[in-house]
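What follows draws every value from the coordinates through simple rules; no lab data is involved. Quantities reported herein were computed from a predicted structural model and do not represent experimental measurements. A quick note on method: Cβ atoms are made from the backbone with ideal geometry, for glycine too, and the neighbour counts reach across all protein chains shown.
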Amino acid sequence: MTSKAAMLRGRLVSRRSFVMTLAAAAAPAGGPKGREQRMLIVDAQIHIWKSSKPNPNHRQIADYSADDALKEMDEAGVTAAVIHPPGWDPNANALAVEAARQHPNRFAILGNFPLDRPESRSLIDGWKGRPGMLGLRFALLQPHQKTWLSDGTMDWLWPAAERAGLPIALLGPDLLQAIGPIAERHRGLKLIIDHFGRPDATWSNLPDLIATAKHPNVALKATGAPSYSHEPYPYRDIHGHIRKLYDAFGPERMFWGTDITRMPTTWKQCLTMFTEELPWLPAQDKELIMGRALCAWLAWKLQG
């Protein structure tokens, strides 16, 4: 056996062992009884809100509740989802906590707080004490936020979150340049790049995005895929980009999801694009990307 073949075989064996370990950890209590267990499908990003006007990219409705999301999830075969409280609803964190309290097997949360307020620093240590709170997510898209990754505004957050064991998902200008140094300085901090790093029409960010994969504590949310395509379902013009990212990050650090209220298609088609339309994606890796790897990254122990 050549050295290259041996390395490939070793990688496959290692990946298979990882899948088996995750399957045991995420399986419902007692395990399947006499039948094959359904694939665990966990959406890495959704929003819910109440009595608020969403930004123009999302469904222009005043309310999108946990019950609304559950109805669509059940229709599509989605097991669970991670709520990201949106900035347009000032009470979104509390709404998400209530959804997770009522449905702990269906919802978890990556919450947020005002990063530029000194009083926010006291929230870190007790953050996981709230129902469903598994980490943090910050979309730095407002004009006053666009320099926060580089001007020191967020420097306090990285060591605090690292100590508290809080993964952080991020979206914002210059993120792909900033995230590497952060990951190197805080190797115990789990970081997630949102929405493929928000590619433009030509995915010109792809080389920089792939470069971030060298950091083992950086993962990628493969969320919002249909919105970055110029073709109808199954969005074949972006399949090649997804494969390059899969090759770079591996299935252990690539998380499927939708951001469903922003999508031009149904939850079911967002799902089947990955489960049925990527013939190069091995079944075991598909299990990881569709939910098990995300649960492991966030330490979300779903119960049956």
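Read phi for every residue in the range 271-280 and hand back ³J(HN,Hα) as whole Hz from Karplus 6.51 cos²θ - 1.76 cosθ + 1.60, θ = phi - 60°, with x for Gly and Pro.
Whole-Hz 3J(HN,Hα) from phi for the range 271-280: 6, 5, 4, 8, 7, 10, 10, 10, x, 7.
State, as an integer percentage, the relative contact order of the chain based on alpha-carbon contacts under 8 Å between residues 6 or more apart.
21
Please compute, over every Cα-Cα pair in the chain, the percentage with a separation greater than 26 angstrom.
In whole percent, the long-distance tail amounts to 44.
Among 125, 200, 208, determine the one that fluctuates most according to a GNM of the chain built with springs between C-alpha atoms less than 10 Å apart.
Answer for the Gaussian network model of the chain: 200.
Any idea what the dipole of the range 127-252 comes to, in debye rounded to 20, about its Cα centre with Lys/Arg Cβ at +1 and Asp/Glu Cβ at -1?
420
Distances over 19 Å make up what percent of all Cα-Cα pairs in the range 42-133?
Tail of P(r) above 19 Å: 40 percent of Cα pairs.
Using only helices, what value at 222 nm comes out for the chain when you add -39,500 (n - 2.57) per DSSP H run of length 4 or more and divide by the total residues, to the nearest 500 deg cm²/dmol?
-10000 deg cm²/dmol
Longest span of the chain, sites excluded, free of GluC sites (Glu not before Pro) in DSSP loop with at most 13 other C-beta atoms within 10 Å?
The longest such stretch corresponds to 37-275.
Of 148, 102, 175, which is farthest on the positive side of the dipole of the chain, counting Cα position, with +1 on Lys and Arg Cβ, -1 on Asp and Glu Cβ, and the Cα centre as origin?
Value: 102.
Evaluate the Debye formula for the range 205-304 with equal point scatterers sitting on the alpha carbons, no solvent, and hand back log10 of I(q)/I(0) at q = 0.20 Å⁻¹, in q order, two decimals.
-1.07
Could you let me know the centre-to-centre spacing of the range 83-130 and the range 151-203, using Cα atoms, in angstrom?
Here the two parts' Cα centres lie 18 Å apart.
Subtracting the Cα-Cα distance from 0.36 nm times the residue separation, let me have the gained length for residue 91 to residue 59 in nm, one decimal.
Length gained between residue 91 and residue 59: 9.7 nm.
About the Cα centre, and with charges only on the beta carbon of Lys, Arg (+1) and Asp, Glu (-1), how big is the dipole of the range 28-168? Nearest 20 debye, please.
Around 240 debye, computed over the range 28-168.
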